[in-house]
1. How long is the gain from Thr30 to Asn141 if the chain were fully straight, where each residue apart is worth 0.36 nm and the alpha carbon distance is subtracted?
2. Starting from the Cα-Cα distance between Asp44 and Lys156, subtract it from 0.36 nm times their residue separation and give me the gain in nm to one decimal.
3. Tell me, what % of the accessible area of segment 124-206 is carbon and sulfur with a 1.4 angstrom probe?
4. Which FRET efficiency, nearest 0.05, do Ser51 and Lys3 yield, Cβ-Cβ r, R0 30 Å?
5. Between Tyr198 and Asp59, take the C-beta separation as r, use R0 = 41 Å, and let me know the FRET efficiency to the nearest 0.05.
6. Please turn the phi angles of segment 151-160 into ³J(HN,Hα) values with the Karplus equation 6.51 cos²θ - 1.76 cosθ + 1.60 (θ = phi - 60°), one per residue in order, whole Hz, x for glycine and proline.
7. Return the ratio Rg/(2.2 N^0.38 Å) for segment 3-108, where Rg is computed over Cα atoms only.
8. Would you mind checking which residues have amide H under 5 Å from Ile106's amide H? H placed 1.01 Å from N; only 5 or more apart, or other chain.
Amino acid sequence: MAKTTLKTGATGNSEAAYVKFVENIVVKLTENIALFPDVEPERDVLEQLLSEFKRTQADAAYRDKRMVVIKNQAYATLKAEVYRMSLYVERQAAGDEAMILAAGFIPSKRGMRVLEPAPKPKIFIVEVNAQISGVADLKVNGWRRVLAYRFEYRKKNSDSHWNPVLSSKSKVTITGLEPVQEYEFRVAYIGRNPQITYSDIVSSYVF
């Protein structure tokens, strides 16, 4: 039964390696939020403490003794928060190595069982109603091992980021879209393996 460790995965024990370790935790918890639905407040605290530590690193660069002490205090506070986060992830994962990896931590157990990644959704339907402005109904075929469905949309031919909508059901209604605009939609299954594969993109005009 795997547990979380505080190993950074780097050969050294430097502050730079630890910063990258914590940055990866924040990124992974954001990408896999569906696996850790109540982690957002603690993740935000961790991100704030990381930013504070990086600021104190810059302040201590000139070897001012007071700034070095403040930096070391911030480092200790950051490490304590990472430890608290590791305990939370360990409880949520319940020994699942893949979930521990999905949170950015390294599991203690070697030779872990590799979980099959979620398949690519094959049937994805986008429906719009000319009588209802700014609304699109999205549907996808279900997958029995799914933890959540990640629907995404954006305006077509734009450089904007995809807007994610997480749902526990295989269908969702997107509202607040701009009328008489063409949008792109896609969907992915979220399972215990953090790897996801999106469906083919479906384009549709919104009334």
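1. Taking Thr30 through Asn141 to full extension adds about 37.4 nm, to one decimal.
2. 37.2 nm
3. Answer for segment 124-206 is 44 percent, counting heavy atoms of protein chains only.
4. 0.60
5. 0.45
6. Once θ is set to phi - 60°, the couplings for segment 151-160 become 8, 9, 8, 6, 5, 6, 6, 10, 9, 6 Hz.
7. Dividing the Cα radius of gyration by 2.2 N^0.38 Å gives 1.10.
8. Thr5, Lys7
The values are calculated or read from the model by the stated rules, or taken from the named source; none is laboratory data. It should be emphasised that the depicted structure is a prediction, and the values quoted were computed from it without experimental measurement. Counting neighbours? That spans all protein chains shown, and the Cβs are built from the backbone with ideal geometry, glycine included. Note: accessible area is taken over every heavy atom of the protein model, side chains too, but ligands, DNA and RNA are not part of it. Shrake-Rupley method; radii C 1.70, N 1.55, O 1.52, S 1.80 Å.
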